[in-house]
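Notes for the one structure printed next.
Throughout, read-outs are computed from the coordinates displayed, never taken from laboratory work. Owing to the predicted nature of the structure, the values given are computational and were not obtained by experimental measurement. Using ideal geometry, Cβ is built from the backbone for each residue, glycine included, and neighbour counts are taken over all protein chains shown.
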Amino acid sequence: MARAKPVVPLLNRPFLAYQLALLRQHGVTDVILACSYRVDDVRAALGEAEHLGVRLRYVIEAEPLGTGGGIRNAADLTSGTVWVLNGDVLTDADLSAMRAFHEARGSRTTIFLHPVADPRPYGLVETAPDGRLQRFREKPGPTEPIPTNTINAGIYLMDAALLARIPSRQVVSVERDVFPALIADGVPCYGWAAAAYWRDIGSPAAYRAAQLDLLTGQVKTTLLPPGTLRDGCWIEPSASVAAGADLKAPAVVGAEAAIQAGAHVGPLTVLGERARIAAGARVEGSVLWERVEIGAGSVLRDCVLGADVRIGADVEIASGVILESGAVVPDHARLSAVGR
């Protein structure tokens, strides 16, 4: 989709805005963003994030340094106890409760743990009965035994002094190198497990699912969609919904978007800024980025369209289809997802 993952839109807000809102909710207002890829995308979308009630500073890696090296690259700006969040996780974890656990245990590093049905794509974390970390196993192979379904959920609370242990200006994995070394050295490290929403948005299917979860209220967040809530739909004041259009909740309609009479939009649909839905078109369960145009009589279900996509008239786009930004689909085309 040609956009940095931290600022892909979720309900027409940059993804990272949800993490910043979560931090702000739990009293964290000074945030350092360690980044190396498409930094201009992030600056354009968030700036210094004053509108979200935080101060956002940028630390840029000349070359990618890995999960641990990236943290070390920002370490000199930190002190005390530091939150570290992966840049691709949507969650409503109670960070205040996690901090209380951290302090009660005398922990120097606490990791948010989350159970998943299939832990193989993630880093497994084994703990003692009291929660003390015992072992990390990164993405086990198909024939390896699975001792636990509890994974590293990508939120850490760490003593800033420990960050100096990470080699400077080197590629380092926090999961494979830093945490196992802390455990081996007997540093008090614990896993905190609690009921919370959690989703890695790293795949197109997960990205779309996260939007639906936000639309249906499964994620507790203080960050509401832009616009005014009307009959279960968030509609920007500059958007145009014709009197004869059928808009079903929940849905989000972006700034200057236009839904013509006879069009059907929703439920579970997000229209980006200046999206255009022509008469007779039907868009359900789909996420459309900015300036997408849907031709008359076309039908879209459960798909994701990048910015500036043009869909002709009488097109059918089936569930699971992902179209990159700028794609053009001619009249009467039929698209289905690969493998379906």
Requested in this report: Return the percentage of antiparallel bridges among DSSP beta bridges fully within region 5-202, rounded to the nearest 5 %.
Outcome: 70 percent
Report task. Would you please give the residues with an amide H less than 5 Å from that of Trp192, counting only those at least 5 places away or on a separate chain, with H modeled from the backbone geometry? Result -> Ile111, Phe112, Leu113
Query raised in the report: What spacing in nm lies between the two simple spin-label points modelled at Tyr197 and His26, each 7 Å away from Cα in the Cβ direction?
Result: 1.6 nm
Requested in this report: Stick to Cα atoms and the Kirkwood definition of Rh, then tell me Rg/Rh for region 46-98.
Outcome: 0.97
Report summary line: Taking Cα pairs closer than 8 Å and at least 6 residues apart, the relative contact order of region 29-126 in percent is 21 percent
Query raised in the report: On full extension of the chain, what length is gained from Asp118 through Arg132, given 0.36 nm per residue of separation minus the C-alpha to C-alpha distance?
Result: 2.8 nm
Query - Gained length - Leu229 relative to Thr143, 0.36 nm times residue gap less alpha-carbon distance - result: 26.0 nm
Requested in this report: DSSP loop (so not H, G, I, E, B), at most 13 other Cβ within 10 Å: list which trypsin sites (Lys or Arg not before Pro) in region 110-185 pass both filters.
Outcome: Arg169
Report summary line: Neighbour-count ranking for Tyr197, Tyr37, Tyr18 (other C-beta within 10 angstrom, fewest to most) reads Tyr37, Tyr197, Tyr18
Query raised in the report: Using only the Cα atoms, what convex hull volume per residue in Å³ does region 228-335 have?
Result: 63 Å³
Query raised in the report: Given R₀ = 41 Å, FRET efficiency for Arg105-Ser325 by Cβ-Cβ distance, to 0.05?
Result: 0.30
Requested in this report: Consider the candidate values (i) 66, 47, 38; (ii) 62, 52, 44; (iii) 65, 47, 42; state which one is Cα extents along the principal axes in Å computed from the structure displayed.
Outcome: (i)
Query - Sorted by Cβ density within 10 Å, fewest first, the residues Asp200, Asp130 - result: Asp130, Asp200
**Report entry** Reachable aspartates and glutamates, given that their alpha-carbon falls under 13 Å from the alpha-carbon of Lys248 and they are not under 8 places away in the same chain
**Finding:** Asp231, Glu284
Query - HN-Hα J in Hz across region 321-334 - Karplus 6.51, -1.76, 1.60, θ = phi - 60°, x for Gly and Pro - result: 6, 10, 10, 6, 4, x, 5, 10, 10, x, 3, 6, 6, 10
Report task. Normalising by the residue count of the chain, find the relative contact order in percent from Cα pairs under 8 Å and 6+ residues apart. Result -> 13 percent
Query raised in the report: Which of Val219, Val125 comes first, and how do the rest follow, when ranked by fewest Cβ neighbours within 10 Å?
Result: Val219, Val125
Query - Phi to ³J(HN,Hα) by Karplus 6.51 cos²θ - 1.76 cosθ + 1.60 over region 191-205, Hz, x for Gly, Pro - result: x, 10, 10, 8, 5, 6, 6, 7, 8, 7, 8, x, 10, x, 5
Requested in this report: For the chain, give the magnitude of the charge dipole about the Cα centre (Cβ charges: +1 Lys/Arg, -1 Asp/Glu; no others), in debye to the nearest 20.
Outcome: 300 debye
Query raised in the report: For region 168-311, what relative contact order do you get, as a whole percent, if you take Cα pairs closer than 8 Å and at least 6 residues apart?
Result: 13 percent
Report task. Note the full-extension length gain between Ala313 and Arg57 as 0.36 nm times their separation in residues minus their Cα-Cα distance, in nm to one decimal. Result -> 87.6 nm
